[in-house]
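Everything below concerns the one structure shown next.
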2 protein chains.
Amino acid sequence: MIIDCHGHYTTAPKALEAWRNLQIAALSNPKRGPKAADLKIGDDELRETIVNHQLAKMRERGSDLTIFSPRASFMAHHIGDVETSTTWAAICNELIHRITTLFPDQFAGAAMLPQSPGADTRSCIAEIERCVNEYGFVGINLNPDPSGGHWQSPPLSDPYWYPIYEKMVELDIPAMVHVSTSCNACFHTTGAHYINADTTAFMQFLTSDLFKVFPKLRFVIPHGGGAAPYHWGRYRGLAQEMKKPPLTEHLLHNLFFDTCVYHQPGIDLLTKVIPADNVLFASEMIGAVRGIDPQTGHYYDDTRRYIEAAALSDDDRHKIFEGNARRVYPRLDARLKAKGL
Amino acid sequence: MIIDCHGHYTTAPKALEAWRNLQIAALSNPKRGPKAADLKIGDDELRETIVNHQLAKMRERGSDLTIFSPRASFMAHHIGDVETSTTWAAICNELIHRITTLFPDQFAGAAMLPQSPGADTRSCIAEIERCVNEYGFVGINLNPDPSGGHWQSPPLSDPYWYPIYEKMVELDIPAMVHVSTSCNACFHTTGAHYINADTTAFMQFLTSDLFKVFPKLRFVIPHGGGAAPYHWGRYRGLAQEMKKPPLTEHLLHNLFFDTCVYHQPGIDLLTKVIPADNVLFASEMIGAVRGIDPQTGHYYDDTRRYIEAAALSDDDRHKIFEGNARRVYPRLDARLKAKGL
């Protein structure tokens, strides 16, 4: 089977955005804001947004299951305070839960966290537990920059983040490192901020000994690892000068890259430079780049085509399409095994 | 001949750093700080730092001429105010001028600018004119983030930068987009901030119509263009959704990438994805990555080897090694022609 480890619910009914706008309008007086119960979206409406979009494209392109999380650019952790984010994350995650309940064979959940700039990371624990234990989610998205492009939180190696890591290890779930909308005019959200965050997180891991502290911690760095694979020689050399072990030892037991790189030469580099054990199939489809590439006649984000065309052994291709996702997301693997898959 | 368009004076005598430390120590009372004339470095000492380092490696690796600028990480525009930067830039540029005078066949100058967070960019004009008209420099380095990792300046497409662009067009010089030290703990200087800045600048150009306003403006984006070539499909797709022309039309008359990518697969991708007319040979040697790659037995930053091994026609290789640099830096070309080269 083909597991896409990176999908967001970008096609949610307009009612969700309207609810959020009311919440934002009432930031100065949250009591006047909407209640969670005010958001009413029926199952038919939910089903329709999936069947006509993500599921249609999954069938068209031939992927079987998507690890699905709330829309990344809408997380906007910089808005309001931890209460704002807590309510908003709960609503968004519940919608994902309903989708994974409606389509249990095609979608598995990954949680958005109720992060907020400067807030204690322990404020995320209840939502993680709820999503994993009650909703059956298999992973989380962790935003290394809740300020939205101002980068005011400590690096991911800082003990600030440890409460989340301890919970991840306890529940045996990975995190995808994923920022949200940039509210810094310097950074275009999907063209600069997303990619920069991937590179930044990678370097934060490289300069630290985080994986000595948490040997079982696992992160997926999306968008093909930002700039890291393209500059792999630079990173090997920097690690060497810092007297770190080779990157394969230092980082690759714990770090994984997805395949959201939207052209063949990029995927060729990724699969050549990064061991096949560390690459997970993903498309982030109906996401940042929704058009058709005039050079190929296919959707830019139809990444399965690039993996099929890359110089990979059948064994390595199977790891990328399925095996690695089942290893990195053991709760997904357990569920698939329970279904005889 | 082989022109390296990206070298910094990273091996300056310790007296330079000592002077800078005195300047920083006196920030609260600049009158107590050192005078420019207090810095005393003899020609023999200067010569020695070059002959034993940059020049030795140029001979060893077979490059002929380096476009040479002050040490990037020492620019540190975030320190002090515009007066601080003005004095510091003048000192650093004068050292470069002395080196290009001592070694006129091997080095051509590129200026550091006296930028400062929030300062009017017109404060850079006098130093640009001095460096180009009096010192014979052939380009400048422009820091898109003088705040050192806090990204508080407007994007490079903003009229804030126009006074510098007008002067660049008037003098027919390009700028290399190059940040300095990060003072944001999230960003490792050479592993994250440098690469992120390249990607960020690229995206700032992509989302704007700057090159319609300044059709003759030319920028070199260093470090292989950050993440841009690796994600070229993403960028083609984003431009397409924004109804911009194809990137070749929209950006590649004005943007160039250097070859500071420290492994063969990265250079292979760069030279495959980016037209040969837009790639300039560079190594940034004795820079961020100074070690020997155990996989090859050669220095990571010995980038000539990668270009030699890349699948390029002789004509394209010549463009990358020499032709493009002479086109992008016409003042260098004029000087070489005057020497019959």
(message) Going by what's in this entry, would residue A:290 be described as at pLDDT 95 or above and farther than 29 Å from residue B:239 by Cα?
(response) no
(request) Could you check how many residues of the stretch A:32-49 are surrounded by 12 or more Cβ atoms within 10 Å (Cβ to Cβ) and not acidic (Asp, Glu)? (result) 8
(request) State which residue pairs qualify: first residue over 16 Å from residue A:4 (Cβ atoms) and inside the stretch A:94-117, second residue open to solvent by less than 10 Å² (accessible area, probe 1.4 Å) and among the aromatic types (Phe, Trp, Tyr) in any location, beta carbons under 6 Å apart, and separation of 6 or more residues or different chains. (result) A:111/A:137
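Of the residues B:119, B:90, which single one is of a type in the set (Gly, Ala, Ser), open to solvent by 10 Å² or more (accessible area, probe 1.4 Å) and in a helix (DSSP H, G or I)?
It is B:90.
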(message) Checking the conditions here, which among A:69, A:85, A:63 is in contact with an Asp or Glu (Cβ under 6 Å, 6 or more places away or on another chain) and surrounded by 15 or more Cβ atoms within 10 Å (Cβ to Cβ)?
(response) A:63
(message) Just the residues that are open to solvent by less than 30 Å² (accessible area, probe 1.4 Å), among the aliphatic types (A, V, I, L, M) and part of a helix (DSSP H, G or I), please, taken from the stretch B:308-328.
(response) B:320, B:325, B:328
(message) Would you confirm, using the coordinates I've provided, whether residue B:249 is at pLDDT 95 or above, outside any loop (DSSP other than H, G, I, E, B) and either open to solvent by less than 40 Å² (accessible area, probe 1.4 Å) or more than 24 Å from residue B:85 (Cα to Cα) (or both)?
(response) yes
(request) For the stretch A:265-277, enumerate the residues that are of a type outside the set (Val, Ile, Thr) and either open to solvent by less than 10 Å² (accessible area, probe 1.4 Å) or under 13 Å from residue A:312 (Cα atoms) (or both). (result) A:266, A:268, A:269, A:270, A:272, A:275, A:276, A:277
(message) Need pairs with beta-carbon distance below 6 Å; first residue in contact (Cβ under 8 Å) with a residue 60 or more places away in the chain and within the stretch B:222-242, second charged (D, E, K, R) and buried (at least 24 other Cβ atoms within 10 Å of the Cβ); sequence gap 6+ or separate chains.
(response) B:222/B:258; B:223/B:198
(request) Name the one entry in A:305, A:331, A:290 that is outside any helix (DSSP H, G or I), open to solvent by 10 Å² or more (accessible area, probe 1.4 Å) and not small (Gly, Ala, Ser). (result) A:290
(request) With a cut-off of at least 2 residues that are buried (at least 24 other Cβ atoms within 10 Å of the Cβ), within 11 Å of chain A (Cβ to nearest Cβ) and out of contact with any Leu (no Cβ under 8 Å at 6 or more places or on another chain), name the helices (runs of 4 or more DSSP H) lying wholly within the stretch B:155-238. (result) B:194-207
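The values are calculated or read from the model by the stated rules, or taken from the named source; none is laboratory data. Being a predicted model, the structure only gives us computed values, none of them experimental. Neighbour counts run over all protein chains shown; Cβ positions are idealised from the backbone, glycine included. Ligands, DNA and RNA are excluded from the accessible area calculation, which covers all protein heavy atoms including side chains. Shrake-Rupley method; radii C 1.70, N 1.55, O 1.52, S 1.80 Å.
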